[in-house]
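> Sharing a structure below in structure tokens format, with a few things to ask.
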Ligand SMILES: *Cc1c(COP(=O)(O)O)cnc(C)c1O
């Protein structure tokens, strides 16, 4: 056994040198480059890194800490091996979900920020990274139309964290004793049926109770039904409940539905007046996907300087009509790891009035935003204690890299390609687009066997209970198509990586309607790849037995 000092000197080599040392520094850079190089070597023309293999969780449970360590090179090889089978988010045949390819500067930001490990609990530990958090907050405030002199926010653990912060502040407004004494009143939280499932977590974790959520149904555009919101809000207030918040979803996860924030805020104002509420119901805009469309707030749609096709232009203009109201919300959630082209996790919650954050501070009386006086201590009011700086810096990097124009070009292209996909899918009379009226880069569609009349089937499946069995058969059929295409991609026989939503919507008689989903996020996508994916879907129809044929086999 070596003396510990001998081992220590080897271990030291595995840390970046704390003081300038050209040889040691270049060893660090070289090690990083080598890792990136090795991962790059797993790329082919497929949307998958290396080979996709079955996972053996039983074997994983046998893991044990080794007695002795490994060299950097050996660890690197191990790490690289764990990248095998990952989907490549920037691949033009990846239509996986709202998982963006990160920009090179956002990756650099992650890396160099991690090396020096700033902690945003306090600017003492994060210095200029804390400044960057305030700068990103100001950029986003101006982008959506908040006054940056009044607004303020922070980076947190995802869109879920952003919603949690928004609702927590709303809860403190509605129930001022909530933080200190707990929630003892009847409290509710309102969101649409298409809003993200994180509302259940938020209600549960804040003590509101998931069963006290009020869910408002959506219309054909996946947008919260205002008549039903009015009814349910009225009934809740009439019954004496306090409303922690209304969540307006600005870009739903499956369909890019957008709520009418303007109308929701007006309705809130009326109700506050009508019921003489001692608090103003908080409206949180869950814009984790839709925020980036704010770059079109001042786009010249008439002259269309970027030359988008007319149909694309209309989709962008339609989104702007609602997204331009973001500044009306009391708080807004932004995910850079969705439409900001940054790696996980990079999310900001921004409050129109930064003083709202004082409702969270410990102890209550202290000012939250001490940076006006030269010191920034978000740890006074954040849920997190340690808060890393890489989310802030990768968001900052993507914003600086792309600017408003870069975002316009990227989003415009993704929407344009989505339009093309829809055209190609509809070119064959076996597909219906479920979210036809939604204008984002996501398409939810359903494929039918030959004997189905696609002009009528949607209406029949949605509203005619005698179609119940057919709906379930078609769900199975689409699930089988999905699996067939997945196997094709994994076996390098072409096609694209799609995803599947088990319940795009419920039929009027309560059955889930499954949908196949394409979410286009790759800047590299072009029409021929769109066609390759669409053609594979049609090929799948030949590869998979129709539901009735399978029934016969079963008999
Ligand atoms: C993804 C998503 C969330 C949750 O965000 P995370 O970053 O995954 O925590 C919330 N709302 C909407 C609309 C989303 O699409």
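> Which residues, taken from the stretch 220-254, are at pLDDT below 95 and more than 19 Å from residue 326 (Cα to Cα)?
Of everything in the stretch 220-254, those that are at pLDDT below 95 and more than 19 Å from residue 326 (Cα to Cα) turn out to be 220, 254.
Residues are listed down the side, and each one gets a yes or a no for (1) within 16 Å of the ligand (Cβ to nearest atom); (2) crowded, with 16+ Cβ neighbours inside 10 Å:
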| position | (1), (2) |
| --- | --- |
| 102 | yes, yes |
| 112 | no, no |
| 115 | no, no |
| 175 | no, yes |
| 178 | no, yes |
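> I need a count of the residues in the stretch 451-468 that are over 33 Å from the mean Cα position of the chain (by Cα) and surrounded by 14 or more Cβ atoms within 10 Å (Cβ to Cβ).
3
> Follow-up question, since we're still on this one. Go through (1) closer than 24 Å to residue 255 by Cα; (2) assigned to a loop (DSSP other than H, G, I, E, B) and name the single condition residue 492 misses.
(1)
> List every residue pair whose Cβ atoms lie under 9 Å apart, where the two residues are 6 or more positions apart in sequence or sit on different chains, the first residue falls within the stretch 157-181 and is in contact (Cβ under 8 Å) with a residue 60 or more places away in the chain and under 19 Å from residue 120 (Cα atoms), and the second residue, located anywhere, is more than 16 Å from the ligand (Cβ to nearest atom) and in a helix (DSSP H, G or I).
165/357; 165/360
> Of the residues that sit in the stretch 223-257 and are part of a strand (DSSP E or B) and within 11 Å of the ligand (Cβ to nearest atom), which one is farthest from residue 280 (Cα to Cα)?
This residue is 250.
> Which one of these is in a helix (DSSP H, G or I) and either on the phi > 0 side of the Ramachandran plot or free of Cβ contacts under 8 Å to residues at least 24 places away in the same chain (or both): 138, 109, 130?
138
> Collect the residues in the stretch 58-103 that are free of Cβ contacts under 8 Å to residues at least 40 places away in the same chain, in a loop (DSSP other than H, G, I, E, B) and touching a helix residue (DSSP H, G or I) at 6+ places or on another chain (Cβ under 8 Å), keeping them in residue-number order.
Result: 70, single match.
> Give the residue, chosen from 287, 220, 263, that is more than 21 Å from residue 186 (Cα to Cα) and within 15 Å of the ligand (Cβ to nearest atom).
None of the other options fit; the residue is 287.
> Here is a follow-up. Given the condition modelled with pLDDT of 95 or more and closer than 23 Å to residue 337 by Cα, answer yes or no: does some residue in the stretch 58-68 qualify?
So far as the stretch 58-68 goes, no, none of its residues is modelled with pLDDT of 95 or more and closer than 23 Å to residue 337 by Cα.
> Continuing with the same structure: Look at residue 466 and say whether it is on the phi < 0 side of the Ramachandran plot, free of Cβ contacts under 8 Å to residues at least 12 places away in the same chain and either touching a helix residue (DSSP H, G or I) at 6+ places or on another chain (Cβ under 8 Å) or part of a helix (DSSP H, G or I) (or both).
Yes.
> Next question. Say whether the condition of being part of a loop (DSSP other than H, G, I, E, B), at pLDDT below 95 and in contact with a helix residue (DSSP H, G or I) (Cβ under 9 Å, 6 or more places away or on another chain) is met by at least one residue in the stretch 388-399.
No, because not a single residue in the stretch 388-399 is part of a loop (DSSP other than H, G, I, E, B), at pLDDT below 95 and in contact with a helix residue (DSSP H, G or I) (Cβ under 9 Å, 6 or more places away or on another chain).
> Also, I was wondering about something else. If you go through the stretch 300-342 one residue at a time, how many are surrounded by fewer than 20 Cβ atoms within 10 Å (Cβ to Cβ) and not in a helix (DSSP H, G or I)?
10
The values are calculated or read from the model by the stated rules, or taken from the named source; none is laboratory data. It should be emphasised that the depicted structure is a prediction, and the values quoted were computed from it without experimental measurement. Backbone-built Cβ (ideal geometry, glycine too); neighbour counts: all protein chains shown.
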